[in-house]
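Working notes, structure below.
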Amino acid sequence: MSPTVWFLTGNAGKLVEATEHLSHLGYVVKQLVVEGNQLYEPQAETLEIVAKSKISQALQHLPDEFAKDDMILVEDAGLFVSALDGFPGIYSSYVHSTIGNLGIIRLLNHLETEDTVSSASLRAAHFKAVAAIWRDGEILIGEGICPGHIALEPMGGSGFGFDPIFIPYDLDKDLQPLSAGNYGEHSTHGKTFGGVDLATKIKFSHRTRALQNLFNQLPSA
Ligand code: ITT
């Protein structure tokens, strides 16, 4: 029987995406719920530190059904806007729940009137995800990046978080991201992550890349 991957997350969107990806690799994914929602997310300098802190907390809240070969998965992600020196980055959760998608767009529109840089480079951004698994006392880390740019206005009602304002760059035939302005075999045709279906987002996403990077380090299930 395949080991269960217990994903410690309170974010339903992240759970759906990870489940979709890992079920194709033969894993069963279950949400690891911390009772009373007492999960503490440190305001650390890197996503790696946050991910490791989540693993230590998960170890204190293992469910009774946790079997010897099971794994704990945590993942921390953020949106990094180049013209804002990587903001909101590690503050993504807080920024999304305060100024939201429109706040990011307003910040960029404000810069645009003051700056001479072209609009396309001004709006460059990337998502980064760091995923970590704990298995039998060992921690492995995987990282994934999805480059793209911020839309002029929110578009599309799918996904979660910053999905409605993020347009990924096209991918080549090997699913590798191209740089700004290059057309590739895989494209959202200017649609944001909020305007495409789950299968399409997964093809481009930082989360998929982090999970691929991580699970490539393990023998297959
Ligand atoms: P956890 O319980 O797993 O910590 P979270 O919602 O706090 O879930 P993260 O810290 O990983 O998630 O991500 C911070 C924020 O970044 C998140 O709340 C979203 O607003 C945004 N975000 C992360 N991944 C995203 C994605 O794939 N698409 C859109 N927004 C994303």
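So that you can scan it fast, the table gives a plain yes or no per residue for (1) of a type in the set (Phe, Trp, Tyr); (2) in contact with a His (Cβ under 7 Å, 6 or more places away or on another chain); (3) within 13 Å of the ligand (Cβ to nearest atom); (4) over 15 Å from Ala210 (Cβ atoms):
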position: Trp6; (1), (2), (3), (4): yes, no, yes, yes
position: His21; (1), (2), (3), (4): no, no, yes, no
position: Val33; (1), (2), (3), (4): no, no, yes, yes
position: Glu48; (1), (2), (3), (4): no, no, yes, no
position: Ala51; (1), (2), (3), (4): no, no, yes, no
position: Leu59; (1), (2), (3), (4): no, no, no, yes
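Scanning segment 117-128 turns up no residue that is in a helix (DSSP H, G or I), among the small types (Gly, Ala, Ser) and at pLDDT 95 or above.
Quick test of your reading of the structure: His149 fulfils all but one of (1) at pLDDT 95 or above; (2) part of a helix (DSSP H, G or I). Name the failing condition by number. Just one mismatch for His149, condition (2). Can you find, within segment 177-193, the residue that is surrounded by the fewest Cβ atoms within 10 Å (Cβ to Cβ) among those that are touching a Phe, Trp or Tyr at 6+ places or on another chain (Cβ under 8 Å) and of a type in the set (Ser, Thr, Tyr)? Taking the candidates together, the pick is Ser179.
The values are calculated or read from the model by the stated rules, or taken from the named source; none is laboratory data. Note that this is a predicted model, so its numbers are computed, not measured. All Cβ positions, glycine included, derive from the backbone under ideal geometry; neighbour counts span all protein chains shown.
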